[in-house]
Amino acid sequence: MLASVNSTYTHIVTHVFSSTIAAKVWFASLAGFFAILQIASAARIFGKLKRVIPWQIAGAPVNLIHRWSGRFAFLCTLPVAFHCIFILGFQTTNARVLAHSILGSFIYGVFAVKVLVVRNRAYPAWVLPVAGGTLFAVLAGLWLTSSFWYFTNVRFGF
C-alpha cells in the first residue's frame, strides 16, 4: 500500500518539480515565506512596526493577512511532512540531518500549542508572542537544515 502511495505521490510531484526532494524544498520555502509574513504581521498587530507596515495592505487588514498567511504556511508544510515522515523518516546520518529530524519531530506540537494559546485569552500577554516566536524559530531551523542546505549544496531550481 505505501509503495502505491509513494509512486502516486512521486508521479504527481514530478509533473511540476524535477524530484520529490525539490518539491519538498520549495514547499518548505513557501512555508518560510508565509512564516515571515506571520512574524511581520504579528509585530504590527502587537503595535510594533507601525511606521513600516500600515494597518491595511491592498485593502486587507493586517490581522486578516496574519490569519491567512498562517493557514497557507500550515498547508505548505503538509506535503513536506508527508515526504519527511513517510518517505525519508527519522535519520541520524550527520549533525545537520539529526538536527532537522529532531526539529521536525517538534513542529506540529509547537503549532498545536500556538493555536491553543491564540484561542484562549486566559494566558498572560507574553505567552502568545513566545509561542509564535518559538514556532517561527522551529520552522526557520527546519528550513535552514533542509531547503537552505539544498539550495547551497545541491541545486537552486525546480
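The values are calculated or read from the model by the stated rules, or taken from the named source; none is laboratory data. Only a predicted model underlies this, so the values are computations on that prediction, with no experimental measurement involved. Note that we place each Cβ from the backbone using ideal geometry, even for glycine, and neighbour counts take in every protein chain shown.
Each residue in the stretch 67-106 was checked for being outside any helix (DSSP H, G or I) and out of contact with any helix residue (DSSP H, G or I) (no Cβ under 8 Å at 6 or more places or on another chain), and 3 of them qualify. Looking at ALA43, ALA28, ALA22, just one residue is of a type in the set (A, V, I, L, M, F, W, C) and in contact with a Leu (Cβ under 6 Å, 6 or more places away or on another chain), and that residue is ALA43.
Take the residues in the stretch 107-158 that are in a helix (DSSP H, G or I) and among the polar types (S, T, N, Q); name whichever of them is surrounded by the most Cβ atoms within 10 Å (Cβ to Cβ). So the residue we want is SER146. Applying the set (1) more than 21 Å from SER29 (Cα to Cα); (2) part of a helix (DSSP H, G or I); (3) in contact (Cβ under 8 Å) with a residue 12 or more places away in the chain to LEU64 leaves exactly one unmet item: (3).
One residue stands out among those in the stretch 40-91 that are charged (D, E, K, R) and surrounded by 12 or more Cβ atoms within 10 Å (Cβ to Cβ): the one that is modelled with the lowest pLDDT, which is LYS48.
When the criteria are applied in full, THR8 fails the requirement of being polar (S, T, N, Q), modelled with pLDDT under 95 and surrounded by 15 or more Cβ atoms within 10 Å (Cβ to Cβ). Among the residues making up the stretch 71-116, a single one is more than 13 Å from LYS24 (Cα to Cα), β-branched (Val, Ile, Thr) and in contact (Cβ under 8 Å) with a residue 40 or more places away in the chain: VAL97. Take the conditions (1) closer than 20 Å to ILE36 by Cα; (2) without any contact (Cβ under 8 Å) to a residue 40 or more places away in the chain; (3) of a type in the set (S, T, N, Q); THR152 misses just one of them, which is (1). When the criteria are applied in full, SER29 meets the requirement of being hydroxyl-bearing (Ser, Thr, Tyr) and surrounded by 14 or more Cβ atoms within 10 Å (Cβ to Cβ).
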